[in-house]
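Engineer: Before anything else, here's the structure in question.
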Amino acid sequence: MNLKNLARVKDVLPKMQRSGIYEVRCQCGDRYIGQSGRTFQERYAEHRRDYLKLQKFPTSGLPGDATSSIARHCRIEGHSFDSTKIFPLHYCVKGRQMDRLEEYYTIKNFIDCNHSSYKVLNNIDAVFFNNFLRFVLEFDEQAIS
Ligand SMILES: [Zn+2]
């Protein structure tokens, strides 16, 4: 099999069977950017399991931050997880490139949502931002807080 054939095989792989950077969007417009080295399908199912787990707790007593922020958002706001949608943003495999791409899409979404009604649910303090990316995207942390 040569490279050309390989590319063709990759193309026919259903998008949910691939890995990379994704966005999960709630019915209210709020969104979460994440990365997955496994398939998007597996990762999305994991977010859903987190949501179902959180259903067992009162919103005032949710367990710590171990669960996904989109699951927490749906639980706290009473938005059904089943109405969320996942969108693959960029196909890639686990590693440094994936980390950079996750930063890129997270920053980009923070910038894009700055003057809109929806929120990015990622904890910005927990995301490491490469200075070059900040520069390229003209990211001003003060402007979004
Ligand atoms: Zn929502």
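Engineer: What are the residues whose amide H is under 5 Å from the amide H of C92, where those residues sit 5 or more places off or on another chain and H is modelled from the backbone?
Structural biologist: For C92, the qualifying residues are S19, G20, I21.
Engineer: Once fully extended, how much extra length lies between K15 and D112, figured as 0.36 nm per residue of separation less the alpha-carbon to alpha-carbon distance?
Structural biologist: 32.5 nm
Engineer: Using a simple spin-label model with points 7 Å from Cα along the Cα→Cβ vector, what separation in nm is obtained for F87 and R38?
Structural biologist: Each label point lies 7 Å from its Cα, and together they span 2.5 nm.
Engineer: Follow-up. Quick query: amide H of H79 versus all other amide H atoms, modeled in the peptide plane; which residues come in under 5 Å with a sequence gap of 5 or more or a different chain?
Structural biologist: Correct list: empty.
Values in this text are rule-based calculations from the coordinates and carry no lab data. Being a predicted model, the structure only gives us computed values, none of them experimental. When we count neighbours, we look across all protein chains shown, and the Cβ atoms used for this are built from the backbone with ideal geometry, even at glycine.
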